[in-house]
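Here's the structure we're looking at; comments come further down.
The values are calculated or read from the model by the stated rules, or taken from the named source; none is laboratory data. Nothing here was measured: the structure is a model prediction, and the numbers come from that model. Cβ atoms come from the backbone with ideal geometry, glycine included; neighbour counts cover every protein chain shown. Protein only, heavy atoms only, side chains kept; ligands, DNA and RNA dropped before computing areas. Shrake-Rupley method; radii C 1.70, N 1.55, O 1.52, S 1.80 Å.
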Amino acid sequence: MNRMLLSAALCAVVAVGFLSINSFGQWQPAGEKIKSVFASQVDPANPHPEYPRPQMVRKNWQNLNGLWDYAIVPADQEYSESQGKILVPFAAESSLSGVGKPVTKDNVLYYKRQFDAPENWQDNRVLLHFGAVDWETKVFVNGKEVGSHKGGYSPFSFDITDALNASGPQELLVRVWDPTDASFIARGKQVNRPNGIWYTAVTGIWRTVWLETVPKTYIESIKLTPNVNDGTITLEANIIGAQEDDMLLVRDLEKPVATDTTKNITNFVSSTGVRVGKPLTLKIDNPTLWTPDNPFLYDLSITIGRPTADNKSALTEIDSVKSYFGMREVALGKDENGVTRIMLNGKFLFQHGPLDQGWWPDGLYTAPTDAALRYDVEMTKNMGFNMLRKHVKVEPDRFYYWCDKLGILVWQDMPSGDRYIGGRDPDIERTQESADQFYAEITEMMTTLVNHPSIVIWVPFNEGWGQFQTAKVAEYCAKLDPTRLINSVSGWTDRKVGHIHDIHSYPGPAIPPLEEERAVVLGEYGGLGLPIEDHTWLDKGNWGYVSYQNKAELFDAYEVLNQKLHVLIGEGLSAAVYTQTTDVEIECNGLMTYDRAVTKFDVGRMFKINQALRYAPPTIREVVPTSQRRAQQWKYTTDKPGDHWMKVDFDDSTWKTGPGGFGTEQTPGAVVRTVWDTSDIWIRRTFELGADDVANIGQLFLNIHHDEDADVYINGVLAAQRTGFVSRYGQAVISPEAKAALKPGVNTIAVKCHQTDGGQYIDAGIETVTPTPRGQQPLW
C-alpha cells in the first residue's frame, strides 16, 4: 500500500508561492479567510491543466481555464462591460476566483473571453465542454446562442462549429443564474446565509472549460460494464455521424500482449471489433479483480474504423479515445451466519470511511489543484479507510479517477434540493418542474459516472433533504444502473425500499435491526470535534458534535468508537461512515483541518486501529450494567449536596432511591425510568469488582449516555468529564487516576449532570473490552 504523505515542505512554500502568483498582476486571492496548503500551487495562467475526462481521453484539445472578464449585473440586464477578472474554474464567491463576491438570485453572472479556434477545425467539428456550472447556463459564441443547460453538477457540451468565424479571434460569452436555496434546485450544502452545517453558496463555472476537435464521425460517450461472473466487459458507444460500414475496435493501448500479460487484456487484438451501433462484449482470461487492496485497472483504446474505398477489408482510423476500467462486482449476499451483507466480488468487505464534503477554504467547490484532489483521497487511504461517502456533492471526473487508481470505494450522494422533512414526516410533494429537474440531474450524475469502478452505491436522499417519491426514485435508480446498490435514504426517513437500511448516530456507533432482504449500515457517526488555532474558518464559534480539548483526547475518543464499531461488525453491520474528512467552514469535525495543514490524528496509529477492524471483533462484557436494558437502582438528589458528594464515605442516606436512567421523555436514545427535569442531578451507586477485573483495568471503559455535561467519579477520583450531549449510549475512556483507584470488592461511582436546554438524560455503567487474540487471520 502506498502511504505517501504530503511533504512538510509544502506548508513552508505557501507565503513564497503567493508572491509569485500575485505578480501575475490581474489576479490575487480574495478575502482574508484561511487558504489551503495547495493555494500557492495555483497558476493563474494555466489552472487545472490536466485533461479533465480520464476515461475518454483525446489528443486534440484546448484548455480554456484562466482569467476571463466577468460582470455581476441585475438579472434583467445584458452584459455591457467587464467589472474585472475572474479565474476560471473557481466560483465567484471563492477566494481563488479573485472575486469573492455573492451573486444572489436577483443577479446574473456573465463571463467573457476570446479564444483562437483550433488548427484545421474547418474539416472537423469543434466541441465546447463545461465540466460543471452552477446553475442555469446560456452560452454564446460570436453573438450566437449555442446552447443552454440547467443543473450545477454534471458536464455538458455544445457543438460550436457553425458559430465560429472563418478566421481571427472568437468571442465566448457565458450567462449564469443561480438562486441557491431560494429555489427548488439541487444545491447540496450551499445556502445564501451560511451557518452550522450549511456553507457558502457557489455560483458559476467551477470545473474545467475546454475545446475539443473531433471528426464528423466521433465517439460521443462510452459505457463499460464488467461482468465478474463470466469474465467479460461489455462496451457500448454512442457514435455521432456513423456510416453503415463503420466498425468499433478495441485495443490494449497498442502494447504487445505477449510481453505484458499482467496488466493488459490478454485477448484484445486490433481486429477485435463490432459494427457501430452494437454492444461489444470481450472475454478476459483470468481477470484480476479490482479491490481497495488491489485497485487493478485495465487500459484500453476505442477506435472507429472505416473501410477504404478500394479495400473493404482495410480500415482507416476515424476517431479514437483512451480509457480504462476495473473488473469488480457489488451485490447483496449472505455471510456464513446467514446475515445479509454488502459483498464486493462475492465476498464480504466491511466498508469504512469518512463523510467527504469536498469543500475547500479557498476554492469552495473547486480544489485548488489536481494534486489537492488526490491528496484527500490519498490521506483517506493512508489512515486505513477503504471507502468514502461523497456527501450531497458531485466531484469532477478526476476525483473519481484517483479513487479508481488508489483504491477507495465511493458512495455517491445526489445533491439535495427543494424542501426538507423531519424524521417522522411524509415525503414532500414537489412541483412537476422540481420533480422533472431532479430526475434529469440524477440521470446525468449516474450516466456520467457509470464507468468508475470505485463507485459502488448511489444515495438519492440524505436525512429527508428533498425526499419525495422514495420508492419510485429507488426503483428508477436501480433500473438505470442494475450493477450497483441503491441506498435510498441515508438516515432518518427509511421507507423500507432499496438495498440498504441506513441510520445516523452521533457520536454512535449504532446498528439498526437486521433484515432479510437489505443490508444494514451506519451512514453517519462520530463527528468528534477539535478546533486547531490559526487553522479555523472563524476565530470563534466553531463547533463539533462532541468537542475535545486536544489531540490525545480526540484520539482516545475515536479509538473507543472503533472498539464499539468492531463489535457491531460482528453483529451484522456492513458499513460505517465517520464524520468527516476535513473541517468545513465552522464545522471542526474533520480528520484534517479545513486548510489541510494539520492532520488531527497520528496517521500511522490511525491506520493500525482502522485495520484492526478487519479481524474478529473484541468481546464486551458489562461489569457495572447501565439501565438501558434493565433498571439499576441509584441514590439521587436534585438539591446541591455537600462538597464531598463523590467520596466513598459520603453519607447519602437522605438522598432518594430510584431506577436509572434519569431524564425526560423524547430525549433521543433515552430509557427514562425516573423523571429528572431540573437543571442538575447527582447520582451514586456502589458496585463490586472481581480480582480479574482489577488486574485488567486497561480493558475497562465507561458506558454512558449524557445530556448534557457530565462529571463522573470512581471512588472519589475524577474518571471523565463529558461536555455537550449524545443521542445514544457509548463508550468513554476512564482516566488513569480513576482506574488506579479501583479495587477488588466494593467500589463507588458518582455522577453529576447539568442540563441547559432541550432534552436531558443521564445513565452510566462500566464494561470490559477484551480484544481479539493476536495471530488470527483477517476476516475481510
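Around the amide H of S154, modelled in the peptide plane, lie the amide H atoms of V133, all under 5 Å away and 5 or more residues distant in sequence or on another chain.
Taking Cα pairs under 8 Å and at least six residues apart, what relative contact order does segment 690-780 come out at, in percent? Present the calculation step by step, with values, prior to reporting the outcome.
Values: 163 pairs, mean separation 35.4, N = 91.
Averaging sequence separation for qualifying contacts and normalising by length gives 39 percent for segment 690-780.
Once Lys and Arg get +1 and Asp and Glu get -1 on their Cβ, which of P426, L388, M445 lies farthest toward the positive end of the dipole of segment 386-457? Farthest towards the positive pole: L388. Entry note, the chain: relative contact order of 10 percent, from Cα contacts under 8 Å with a spacing of 6+ residues.
Provide the packing ranking of 202-210, 223-231, 125-133, 178-186, i.e. peptides ordered by the mean count of other C-beta atoms within 10 Å per residue, highest first. If you can, show how the numbers build up before the last one.
Numbers: 202-210: 27.6, 223-231: 15.4, 125-133: 22.9, 178-186: 21.2.
The packing order, highest mean first, is 202-210, 125-133, 178-186, 223-231.
Summed over qualifying helices (DSSP H, 4 residues or more, each -39500 (n - 2.57)) and divided by its residue number, the chain shows a 222 nm mean residue ellipticity of -4000 deg cm²/dmol.
Taking the Cβ of D502 as the centre, find all other residues whose Cβ is under 13 Å away and add up their charges (Lys, Arg: +1; Asp, Glu: -1).
Details: positive: R389, R495, K496, R518; negative: D413, E463, D494, E515, E524.
Once all neighbours under 13 Å are counted, the net charge is -1.
I need the calculated FRET efficiency for the pair K496 and T638, taking r as the beta carbon distance and R₀ as 35 Å, to the nearest 0.05. For K496 and T638, the calculated efficiency is 0.25. For the chain, the longest principal axis of the Cα atoms and the long axis of helix 551-571 meet at an angle of about 90 degrees.
Measuring with a 1.4 Å probe in the full set of protein chains, what accessible area per residue, in whole Å², belongs to segment 455-562?
Details: 4040 Å² over 108 residues.
With all protein chains present, segment 455-562 gives 37 Å² per residue.
For the pair T281 and D602, a Förster radius of 56 Å applied to the C-beta separation gives a FRET efficiency near 0.70, rounded to the nearest 0.05.
Taking a ≥ b ≥ c as the square roots of the Cα gyration tensor eigenvalues, the chain comes out prolate, since a/c reaches at least 1.5 and a/b is larger than b/c. Distances between placed amide hydrogens fall under 5 Å for Y420 paired with G466, all partners being 5 or more residues away or on another chain.
Inter-part distance, segment 53-68 to segment 714-780, computed on C-alpha centroids, equals 56 Å. Based on C-alpha pairs under 8 angstrom that are at least 6 apart in sequence, segment 605-684 has a relative contact order of 31 percent.
Looking at the chain alone, DSSP beta bridges between its own residues are antiparallel in about 80 percent of cases. Residues of segment 318-357 falling in the label zone of L514, defined by backbone nitrogen less than 11 Å from a point 7 Å along Cα to beta-carbon, are 335-341. Listed peptides 698-704, 487-493, 42-48 appear in the order 487-493, 698-704, 42-48 once ranked by packing, highest mean of other Cβ atoms within 10 Å at the front.
Would you mind pulling out the separation of the Cα centroids of segment 220-247 and segment 280-295, in Å? Using only Cα atoms, the two centres lie 17 Å from each other. The residues neighbouring G745, those whose beta-carbon lies less than 12 Å from its own, together hold a net charge of -1 under the Lys/Arg +1, Asp/Glu -1 convention.
Using 0.36 nm per residue of separation minus the Cα-Cα distance, give me the extension gain between T308 and E236 in nm, one decimal. Please list the in-between numbers first.
Numbers: separation 72, 0.36 × 72 = 25.92 nm, distance 2.42 nm.
Here the answer is 23.5 nm.
Stretching the chain fully between T686 and A616 yields a gain of 21.9 nm (0.36 nm per residue, less the alpha carbon separation).
In whole percent, how big is the carbon plus sulfur part of the accessible area of segment 632-708, probe 1.4 Å, protein atoms only? Numbers along the way, then the final one.
Details: 1760 of 3880 Å².
Heavy-atom surface of segment 632-708 belonging to carbon and sulfur, 1.4 Å probe: 45 percent.
For the listed peptides 711-719, 553-561, a ranking on the average number of other beta carbons within 10 Å per residue, highest first, reads 711-719, 553-561.
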